[in-house]
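Undergrad: Would you mind keeping the following structure in view while I ask a few things?
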Amino acid sequence: MSEQKFYDTQPTGENHEVDYKDPTDVEEIEEAIKFGVIDPLTQKYALWVRTKMWRRHVRESIARISEYSSVLFNRIKEIAEKTEKRQTQVEQRQTKIEDQFREVQQNATVDSELINARSSDLYGKFPVLDDRLENIEQLLVKFLPIGFDVTIGHSLGVQPEINVRTWTHGIGVMNLGTEPVGLFGGSASQSIPCQVTHIGARESIVSLPVDYKTDAAIVKIDELNYMLIDEENLRSIIFELRK
């Protein structure tokens with residue numbers, strides 16, 4: 001059998017045309033590969049692709065890499081599914097333990113004052129006092145205008161009335177059409193409780209509930225409107241000034 005030679009051919013034909021345009025060498029091996037952990041089988045197949053002389057051997061090497069990648073993927077998928085199932089079981093047990101502990105707390109308390117403190121005329125009875133305190137805390141961070149101060153420098157020359165509104169999933173934080181179902185164009189706007197302190201006639205400090213706190217910088221839309229775009233929480237906050 002005569003020696004086979006390798007030719008880098010360019011296929012021709014109506015449906016099989018290939019245009020090789022890049023004559024440059026490949027770049028240096030990326031650091032993620034150079035310093036990463038590579039499976040021994042993957043190393044072997046990669047070496048075969050680089051060094052095998054005959055085309056059928058190279059094709060077989062590439063095929064084995066593809067098949068082995070599928071094996072690794074399914075192995076990782078199986079581990080991830082088992083981990084997720086295990087996590088669900090742990091969370092269920094944790095919830096059960098917490099419920100049992102709450103029941104113990106509820107039944108172990110004999111102090112009538114503490115028992116009465118679990119009940120609210122507005123929100124009903126809570127299993128334990130801690131639940132009622134948590135509910136109060138959640139209301140405070142959402143509605144009490146303390147914890148987040150926004151400074152607005154303006155050129156109105158007066159102390160303006162300032163109204164604050166907010167909405168989520170609006171233009172500016174999401175591309176139109178990518179919002180969750182029912183929120184096309186953003187959610188309906190709602191007012192935010194605020195407390196305004198005027199520092200002269202050109203600066204105002206607006207205090208908001210801490211639940212709206214963000215590191216986003218305030219943006220001037222025009223002389224009467226300023227906005228915060230909280231990309232992390234997909235939320236927009238607008239400050240409307242009135243002379």
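Undergrad: Filtering segment 51-73 down to residues that are outside any helix (DSSP H, G or I) and open to solvent by less than 90 Å² (accessible area, probe 1.4 Å), which residue is farthest from I38 (Cα to Cα)? Steps first, answer last, please.
TA: Taking segment 51-73 and keeping what is outside any helix (DSSP H, G or I), we get 52-54.
Applying the additional criterion that residues be open to solvent by less than 90 Å² (accessible area, probe 1.4 Å) yields 52, 54.
Values: K52: 20, W54: 25 Å.
Selected residue: W54.
Undergrad: In segment 226-235, which residue that is modelled with pLDDT under 95 and not hydrophobic (A, V, I, L, M, F, W, C) is least open to solvent (accessible area, probe 1.4 Å)?
TA: Per the stated criteria, the residue is D230.
Undergrad: While we're looking at this one, here's another question. For the subset of segment 115-129 comprising residues that are open to solvent by less than 80 Å² (accessible area, probe 1.4 Å) and in a helix (DSSP H, G or I), which member is farthest from L208 (Cα to Cα)?
TA: So in segment 115-129, the residues open to solvent by less than 80 Å² (accessible area, probe 1.4 Å) come out as 115, 117-120, 124, 126-129.
Add one more test, that the residue is in a helix (DSSP H, G or I), and what stays is 115, 117, 129.
Values: I115: 34, A117: 29, L129: 28 Å.
Among residues in segment 115-129 that are open to solvent by less than 80 Å² (accessible area, probe 1.4 Å) and in a helix (DSSP H, G or I), the one farthest from L208 (Cα to Cα) is I115.
Undergrad: Please identify the pairs in which a residue from segment 186-213 that is touching a residue at least 60 places away in the same chain (Cβ under 8 Å) has its Cβ atom under 6 Å from the Cβ atom of a residue that is part of a loop (DSSP other than H, G, I, E, B) and β-branched (V, I, T), counting only partners at least 6 apart or on another chain.
TA: Correct list of pairs: L208/I192.
Undergrad: Determine, yes or no, whether I76 is modelled with pLDDT of 90 or more, open to solvent by 100 Å² or more (accessible area, probe 1.4 Å) and not charged (D, E, K, R). Break it down into steps so the answer makes sense when it comes.
TA: Numbers: modelled with pLDDT of 90 or more: yes; open to solvent by 100 Å² or more (accessible area, probe 1.4 Å): yes; not charged (D, E, K, R): yes.
Criteria met by I76.
Undergrad: May I pose another question? Residue by residue through segment 134-170, note down the ones that are part of a strand (DSSP E or B) and more than 16 Å from S189 (Cβ to Cβ).
TA: Taking segment 134-170 first, the residues part of a strand (DSSP E or B) are 147-153, 161-168.
Residues satisfying the conditions are G147, F148, D149, V150, T151, I152, G153, E161.
Undergrad: Moving on to the next point. Would you mind stating whether L208 is within 17 Å of K142 (Cα to Cα) and either more than 18 Å from the chain's Cα centre (by Cα) or not charged (D, E, K, R) (or both)? Steps first, answer last, please.
TA: Numbers: within 17 Å of K142 (Cα to Cα): yes; either more than 18 Å from the chain's Cα centre (by Cα) or not charged (D, E, K, R) (or both): yes.
So L208 passes the test.
Undergrad: So L156 fits all but one of (1) closer than 30 Å to E137 by Cα; (2) open to solvent by less than 40 Å² (accessible area, probe 1.4 Å); what number is the exception?
TA: Going through the list (1) closer than 30 Å to E137 by Cα; (2) open to solvent by less than 40 Å² (accessible area, probe 1.4 Å), L156 breaks only (1).
Undergrad: In segment 173-191, which residues are part of a loop (DSSP other than H, G, I, E, B), of a type outside the set (A, V, I, L, M, F, W, C) and exposed (fewer than 15 other Cβ atoms within 10 Å of the Cβ)? Full working, then the answer.
TA: Let us first name the residues in segment 173-191 that are part of a loop (DSSP other than H, G, I, E, B), namely 173, 175-189.
With of a type outside the set (A, V, I, L, M, F, W, C) added as a condition, the list becomes 175, 177-180, 182, 185-187, 189.
N175, G177, T178, P180, G182, G185, S189 - these are the residues of segment 173-191 that are part of a loop (DSSP other than H, G, I, E, B), of a type outside the set (A, V, I, L, M, F, W, C) and exposed (fewer than 15 other Cβ atoms within 10 Å of the Cβ).
Undergrad: Yes or no: L183 of a type in the set (A, V, I, L, M), closer than 30 Å to A117 by Cβ and without any contact (Cβ under 8 Å) to a residue 40 or more places away in the chain?
TA: no
The values are calculated or read from the model by the stated rules, or taken from the named source; none is laboratory data. Everything numeric in this text was worked out from a predicted model, so none of it was measured. Virtual Cβ from ideal backbone geometry, glycine too; neighbours counted across all protein chains shown. Only protein heavy atoms, including side chains, enter the accessible area calculation; ligands, DNA and RNA are left aside. Shrake-Rupley method; radii C 1.70, N 1.55, O 1.52, S 1.80 Å.
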